Every structure is written in C-alpha cells, then in structure tokens.
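Chemist: Take a look at the following structure, please.
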Amino acid sequence: MGRPGAYSLVDHGIKAMNGALRDKKYGGWYACVNDEGVVDASKQGYQHFFALLGAASAVTTGHPEARKLLDYTIEIIEKYFWSEEEQMCLESWDEAFSKTEEYRGGNANMHAVEAFLIVYDVTHDKKWLDRAIR
C-alpha cells in the first residue's frame with residue numbers, strides 16, 4: 001500500500017463498518033454511535049456515501065473482506081439512497097428505512113458523486129459513471 005501501517009487502518013475501518021456502526025436489524029449504518037451505543041439511529045446519505053467510498057477504496061488494497069463490504073454497501077445505496085426517478089440521491093431515512101425526507105441536499109449528492117466515481121473505477125460498471133455525471 002506504500003505506507004507502513006496503512007493496511008491495519010484498512011482492516012480497522014472494515015471491522016468498524018461491520019461492527020458497531022452497522023445496523024444489524026434494518027441494514028445500513030447509524031448516523032452516530034459512541035462507546036455506550038447508538039446516539040443517532042437515522043440513516044444519513046452523507047455517511048452512507050462515505051461508507052461506499054471507503055468500501056470501494058478498500059477493494060483497491062486487496063483486503064479479503066473489502067469486496068463483500070462493497071457489495072453490501074452497493075445494495076444499500078441502490079435500495080435506499082438512489083432515486084432513478086429523480087436522478088439523484090435521497091438525503092436520509094429513519095432507522096427502519098420506512099420514512100425519508102423531502103429535502104435533497106447538494107452535500108450528500110456531491111459526496112455521492114465522489115463515491116460513484118471510485119465505484120466505477122473498481123467495478124467497471126458504467127452505471128456508476130453515468131450516475132456521477134447526471
């Protein structure tokens with residue numbers, strides 16, 4: 001990876017994304033957790049697009065768990081955060097992914113574009129590039 005200790009950081013990130021940050025009941029990742037548990041159970045696009053970026057980046061390191069994490073993250077993004085009708089991303093959901101908000105923000109969509117570009121680089125699936133340029 002070019003930097004001493006970098007692989008251990010990738011490993012730590014994957015463990016965190018599969019551990020306390022991940023909602024094992026409803027899927028996706030919590031907006032905020034601490035040592036005592038979940039602080040904010042909402043599901044924010046902003047955090048999910050960074051999860052997508054991190055998972056795709058981890059694939060480039062060759063970490064054995066990275067592709068599984070990326071596939072799961074793509075599933076969550078596809079199911080809950082990409083609106084084909086609107087050609088943009090949704091901002092947030094409640095914990096159970098049963099209620100979303102009307103607001104569509106530039107910040108979450110900007111980070112989605114960043115994540116979509118690396119997902120395209122990793123998967124070579126052109127839909128991610130197409131979404132990034134819409």
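Rule-based calculations on the coordinates, nothing more; no lab input. Nothing here was measured: the structure is a model prediction, and the numbers come from that model. Counting neighbours? That spans all protein chains shown, and the Cβs are built from the backbone with ideal geometry, glycine included.
Chemist: Taking the Cα centre of the range 86-134 as origin and charging only Cβ (+1 Lys, Arg; -1 Asp, Glu), how large is the dipole, in debye to the nearest 20? Walk me through the numbers before you get to the answer.
Modeler: Details: 6 positive and 10 negative charges, 51 e Å.
Charge dipole, the range 86-134, about its Cα centre: 240 debye, nearest 20.
Chemist: Further question: List the GluC sites (Glu not before Pro) within the range 45-88 that DSSP assigns to loop and that have no more than 11 neighbouring Cβ atoms inside 10 Å.
Modeler: For GluC sites (Glu not before Pro) across the range 45-88 that sit outside H, G, I, E and B with at most 11 neighbouring Cβ atoms in 10 Å, the list reads 84, 85, 86.
Chemist: Cα-Cα over 25 Å: which of 68/99; 25/126; 24/127; 15/43; 15/99; 99/126? Mind showing how you got there, number by number?
Modeler: Working: 68/99 27 Å; 25/126 31 Å; 24/127 28 Å; 15/43 19 Å; 15/99 28 Å; 99/126 30 Å.
Beyond 25 Å between Cα atoms: 68/99; 25/126; 24/127; 15/99; 99/126.
Chemist: Let me ask something else. Let's see if you can work this out: charge +1 on each Lys and Arg Cβ, -1 on each Asp and Glu Cβ, no other charges. What is the dipole magnitude of the chain about its Cα centre, in debye to the nearest 20? Please report the intermediate quantities before stating the final value.
Modeler: Numbers: 15 positive and 21 negative charges, 84 e Å.
So the magnitude is around 400 debye.
Chemist: Over the Cα atoms of the chain, what is the Rg over Rh ratio if Rh follows Kirkwood? Walk me through the numbers before you get to the answer.
Modeler: On the way: Rg = 14.6 Å, Rh = 15.2 Å.
Dividing the radius of gyration by the Kirkwood radius yields 0.96.
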